[in-house]
Amino acid sequence: AKKDSPEYSYQMCYYFLNKTSRSFARVIQELHPELCHPVCIFYLTLRGLDTIEDDMTLDNKVKLPLLRGFDKIMYKKGWTFKESGPNEKDRILLVDYDVVITEFLKLKPKYQVVIANIAKRMGNGMADFCEGKKVKTVADYDLYCHYVAGLVGIGLTGLFSESGLESASLTESEYLQNRMGLFLQKVNIIKDYLEDWKDGRSFWPEEIWGKYVWENAGLGSLSKPENINDALACLNELCVNVLKLAPDCLEYMAKLKEPSVLHFCAIPQVMAIASIALFFNNNVVFTKGGLKIRRGLAVKLIYEATTFDGVKEVFKKYALDIARQNSLRVGKNPKDESFMPISEACS
Ligand SMILES: O=C(O)CO[C@@H](C(=O)O)[C@@H](OCCCCCc1ccc2ccccc2c1)C(=O)NCCCCCc1ccc2ccccc2c1
Ligand SMILES: [Mg+2]
Ligand SMILES: [Mg+2]
């Protein structure tokens, strides 16, 4: 459409949705028409915020006011940002961010309120961690993941409820909604160990990895070949930490009534549980990084995620798969947490 036609900003939003994340773009376009557009704008708003957070070339003098003020920026017609680093993968979204604002301002006010509230909480949480708060303890780890992903689950639940497609009772427990996001983000953080390390960042909690490196050694020592056994024990404990979230995610999904909402929520979840089974005790996490489940398996998982019974079967299959892999590991670091029988972790 031409730049000044009303369809232009609408079309550009779906262009950016597909450019910034094929996986989420596919699941978002699965949604009931009443929810698809608000969730698309919700996604682009938070991806814009995350593009600022991820940009290591931005000085905090510029970055912090943008993060903490993003919920106000969303109402500034025409606002764009052209100072992202040249390698920032989603920088084009900020260069033409005015189309997201145009579409956001056209949403029903009941959706705008939910999106602006989450953007404000996420932006301030991201800024706290950019200002110097470190992911040291497991509590810091859970707090960071709450800010960048738990809040997404909370916001989505608000949109589901406001649309009338899901019951308002779904919004009662922010705890379960938060766990949905933690599950996905923690899998992301495990997958991105090497990539984040190269960016000079890591979100792995020192309270866990500190047990597997020598006094005063850093997280980087886990990527040294001679330390692979300790690295795997650390990886396995992180995987068990994620598995503990599985029952809460199933409990949340059990409450969903609208088929397209269940499918939308379940697809990232079944991908995540299959990913943990792939990462568990797998040295490729440290050597090549960016481990992804095979495309054929992804297609199968998408099909199985169409019913809640299908989701339960997938979770059960991969929990047993990991337990089997765990029992096959002989004589390695019996002291570490990851030796805890998986069934106990999923209790
Ligand atoms: O830069 C990247 O490509 C990855 O960035 C990661 C990072 O920087 O840590 C990191 O950025 C997080 C901050 C921005 C969150 C953006 C987002 C993601 C998915 C959505 C899905 C639907 C609606 C809105 C959404 C918003 C990232 O994208 N991690 C992927 C896991 C986050 C999942 C969020 C989430 C939470 C609960 C959900 C419940 C149901 C369905 C989808 C859900 C999706
Ligand atoms: Mg990111
Ligand atoms: Mg980020």
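The values are calculated or read from the model by the stated rules, or taken from the named source; none is laboratory data. Everything numeric here is computed off the predicted structure, so don't read it as measured data. Cβ atoms come from the backbone with ideal geometry, glycine included; neighbour counts cover every protein chain shown. The area values use the complete protein model at the heavy-atom level, side chains included, leaving out ligands, DNA and RNA. Shrake-Rupley method; radii C 1.70, N 1.55, O 1.52, S 1.80 Å.
Can you report the number of residues in the range 207-227 which are under 19 Å from LEU182 (Cα atoms) and surrounded by 15 or more Cβ atoms within 10 Å (Cβ to Cβ)?
Total satisfying the criteria: 2.
Restricting to the range 37-64, name every residue that is within 14 Å of ligand 3 (Cβ to nearest atom), assigned to a helix (DSSP H, G or I) and hydrophobic (A, V, I, L, M, F, W, C).
LEU46, LEU49, ILE52
Would the range 22-36 turn up any residue that is among the acidic types (Asp, Glu) and either at pLDDT below 95 or in a loop (DSSP other than H, G, I, E, B) (or both)?
Within the range 22-36, one or more residues are among the acidic types (Asp, Glu) and either at pLDDT below 95 or in a loop (DSSP other than H, G, I, E, B) (or both).
With respect to TRP204, determine if the residue is within 16 Å of ligand 3 (Cβ to nearest atom), open to solvent by less than 10 Å² (accessible area, probe 1.4 Å) and touching a residue at least 12 places away in the same chain (Cβ under 8 Å).
The answer is yes for TRP204.
Of all helices (runs of 4 or more DSSP H) completely enclosed by the range 276-347, which ones contain at least 1 residues that are of a type in the set (A, V, I, L, M) and modelled with pLDDT of 85 or more?
Of the helices (runs of 4 or more DSSP H) lying wholly inside the range 276-347, those with at least 1 residues that are of a type in the set (A, V, I, L, M) and modelled with pLDDT of 85 or more span 284-287, 295-304, 308-328.
Could you tell me which of the residues VAL114, VAL62, VAL39 is modelled with pLDDT of 95 or more and open to solvent by less than 20 Å² (accessible area, probe 1.4 Å)?
Among VAL114, VAL62, VAL39, only VAL39 is modelled with pLDDT of 95 or more and open to solvent by less than 20 Å² (accessible area, probe 1.4 Å).
Could you tell me which residue of the range 65-94 is most open to solvent (accessible area, probe 1.4 Å), considering only residues that are among the acidic types (Asp, Glu) and within 14 Å of ligand 3 (Cβ to nearest atom)?
The qualifying residue most open to solvent (accessible area, probe 1.4 Å) is GLU88.
I'd like the full set of residues that are within 8 Å of ligand 1 (Cβ to nearest atom) and either under 20 Å from ILE73 (Cβ atoms) or not aliphatic (A, V, I, L, M) (or both), limited to the range 24-38.
If we filter the range 24-38 for residues that are within 8 Å of ligand 1 (Cβ to nearest atom), which is where we start, we get 24, 27-28.
Matches in the range 24-38: PHE24 only.
Among (1) without any contact (Cβ under 8 Å) to a residue 40 or more places away in the chain; (2) away from ligand 1 (no atom under 16 Å from the Cβ), which single condition is SER21 missing?
Every listed condition holds for SER21 apart from (2).
How about the range 150-163: which of its residues are within 14 Å of ligand 3 (Cβ to nearest atom) and open to solvent by 10 Å² or more (accessible area, probe 1.4 Å)?
Passing the criteria: only VAL152.
Give the number of residues within the range 117-149 that are open to solvent by 20 Å² or more (accessible area, probe 1.4 Å), of a type outside the set (Val, Ile, Thr) and over 30 Å from GLU34 (Cα atoms).
Looking only at that region, the number is 12.
Condition test on GLN185, is it open to solvent by less than 30 Å² (accessible area, probe 1.4 Å), closer than 21 Å to VAL242 by Cβ and of a type in the set (S, T, N, Q)?
When the stated conditions are applied, GLN185 does not pass them.
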